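Colleague: Shown below is the structure under consideration.
The values are calculated or read from the model by the stated rules, or taken from the named source; none is laboratory data. What you see is a predicted model, and the numbers here were worked out from it, not measured in a lab. Positions of Cβ are generated from backbone atoms using ideal geometry, with glycine treated the same way; all protein chains shown enter the neighbour counts. Side chains included, ligands, DNA and RNA excluded: accessible areas come from the protein's heavy atoms. Shrake-Rupley method; radii C 1.70, N 1.55, O 1.52, S 1.80 Å.
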Amino acid sequence: MQQSTNIWFELGQLLKQLVLELTGMPWLASLAQTLLGIVGIFAVVMLAALILVYLERKVCAWMQMRVGPNRLGPFGIFQSVADALKLLTKEDIRPAQVSGKMWALAPVLMFMVVIITYAVIPFDAGVIFADLNIGIFFFVAVSAQTTLPLLMAGWSSNNKYSLVGGMRTVAQMISYEIPLVFSILGVVMITGSMKMSDIVKAQESIWFIVTQPVAFVVFVIAATAECNRAPFDLVEAESELVAGPFVEYSGMRFAYFFLAEYASLVASSCIAATLFLGGWHGPWLPGWIWFFLKVSAMIFLFMWFRWTFPRIRVDQLMAFGWKFLLPLSVANIIVTGVGLWLFFPLS
Amino acid sequence: MEVNTEKQSQQDLPALSPLAQLLGTDSVILTTVEQVLGWAQTHSFWPLTSGLACCALEMMATGAGRFDLARFGYEVFRPSPRHADVLIVAGTLTWKMAPPLVRLYEQMPENKWVIAMGSCAIGGGPFVDSYSVVPGVDKLLPVDVYIPGCPPRPEALIHGMLTLKEKVMAAKKRGGKP
Ligand code: SF4
């Protein structure tokens, strides 16, 4: 791990030192540090999801020239607290025809899969839970698993709307996962490493959004589809499918899906900021503040998309993915390869 | 606007436990939790996306820019009855549509409320003499708040939802069922 001066890294080291001094057992100190990391990630994810639910409603309101929630607390910031508490108090309906275990497991799995992706996100220099040497590959592999819980939910609900929604998830994820990976490949080719900290370090002088603009556009479009957000929210498509795979879930089970959706939005924004916007690099301010600003900008971009574009048809979605995004991302790889061969022939 | 908040007299309440008699009130902690939950419930009524007739247009207008139901946190119109809290019966209910509407109500999870919006939902409205119209949804569903008008203005719907909020909070303070 590299030398760094930010407070989060120091905090982790301090705790490790403290436990080591108190108990004299190195493994306990490491365990304490790991637990702190896990608790920190959970806190960040839950807080971000709660804030985003509120922000989404506010941004939507501003785009439609409304005021948005403003009754609870200043500017209505406690709105999502009330929503979460209310969802806790709702009755837990378990329809008679659902296939029990699968149905109950799906929301929990969905949330877990999304949380696991946070392990490889570098919030600041040295502040990364696991700096794997296949970091970005790990992220892609794990985030693709969100397909399974949605399909489980759709199928085990035994409801025609949810089944169609679950099937659409699979079709959509498969067609958009490939352009997503190919767009990331351009960045990996330039860096020569899949390690997250190496990718960020390579952007010290110039961000990859400048050298890989096409890859950035493909990534943002594919990530929008991955997070099931409008204009690609065919999985939920209220006007056709009621609520897609979530139709039969009430109360907290539904809230799990809701939170997981926003957590995956944050994860995608973090990855976009890391790969293309230079991660924690930036002048004057501490690294984690820069990272926070970049992630906020990405999240706002996704929200902007959602409240600007109408939902597209499912055949348009598939055609766009396979006939436009995929060739574009492949062409990007070829151009990147030729460029590397021309300018850095020895490396 | 007529509201079903019948006042319960002190005699109707269950007898206080010795501890509660000592403290001079019943169950300090539980009433507080109840009120917190009531606060949460009353500030996030999620209505079901269901419109039956012309009143539904006023319901849509309530969510739009000029009236903005979102200020109170009530704009999350959920398409699935499993996620909804409030069933706004907005429009004329015919006998043919009555079974699906009752079924929708039954599919909603508990802590659910019904608002009868417009004179059709209250008592059949202009079609009260018709063979095909239900003369008031309170024949079929337990209505909490009645909003008169043909159609009621969006402000009236907002007032109705705020009245429902007051009603639920009053019940929570009293310690009874909402
Ligand atoms: S009350 Fe009037 S406006 Fe409302 S549904 Fe009936 S006829 Fe239409």
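Colleague: Got a sec? Which helices (runs of 4 or more DSSP H) wholly within the stretch A:232-347 have at least 1 residues that are away from chain B (no Cβ under 14 Å)?
Modeller: Because the criterion is at least 1 residues that are away from chain B (no Cβ under 14 Å), the helices (runs of 4 or more DSSP H) in the stretch A:232-347 that meet it are A:251-276, A:287-308, A:314-319, A:326-343.
Colleague: Which of the residues spanning the stretch B:150-173 are within 12 Å of the ligand (Cβ to nearest atom) and crowded, with 17+ Cβ neighbours inside 10 Å?
Modeller: Those that are within 12 Å of the ligand (Cβ to nearest atom) and crowded, with 17+ Cβ neighbours inside 10 Å: B:PRO151, B:PRO152, B:ALA156, B:LEU157.
Colleague: Within the stretch A:70-99, which residues are more than 10 Å from chain B (Cβ to nearest Cβ), touching a residue at least 12 places away in the same chain (Cβ under 8 Å) and in a helix (DSSP H, G or I)? Full working, then the answer.
Modeller: The initial filter retains those residues of the stretch A:70-99 that are more than 10 Å from chain B (Cβ to nearest Cβ), namely A:73-75, A:77, A:94, A:96-99.
Next cut, touching a residue at least 12 places away in the same chain (Cβ under 8 Å) only: A:75, A:77, A:97-99.
Result: A:PHE75, single match.
Colleague: Failed condition for B:ALA121, given (1) part of a helix (DSSP H, G or I); (2) open to solvent by less than 10 Å² (accessible area, probe 1.4 Å); (3) more than 11 Å from the ligand (Cβ to nearest atom); (4) of a type in the set (A, V, I, L, M, F, W, C), with all others met?
Modeller: (3)
Colleague: Also, I was wondering about something else. From the residues in the stretch B:65-118 that are open to solvent by 10 Å² or more (accessible area, probe 1.4 Å) and of a type in the set (S, T, N, Q), which one is nearest to the ligand (Cβ to nearest atom)?
Modeller: Ranking the candidates gives B:THR92 first.
Colleague: Suppose the filter is among the aromatic types (Phe, Trp, Tyr), within 14 Å of chain B (Cβ to nearest Cβ) and either over 20 Å from the mean Cα position of the chain (by Cα) or open to solvent by 40 Å² or more (accessible area, probe 1.4 Å) (or both); does A:PHE42 pass it? Full working, then the answer.
Modeller: Working: among the aromatic types (Phe, Trp, Tyr): yes; within 14 Å of chain B (Cβ to nearest Cβ): no; either over 20 Å from the mean Cα position of the chain (by Cα) or open to solvent by 40 Å² or more (accessible area, probe 1.4 Å) (or both): yes.
No: the conditions fail for A:PHE42.
Colleague: Hey, another quick one. Which ones in the stretch A:143-181 are surrounded by fewer than 22 Cβ atoms within 10 Å (Cβ to Cβ) and aromatic (Phe, Trp, Tyr)?
Modeller: Scanning the stretch A:143-181 gives A:TRP155, A:TYR161.
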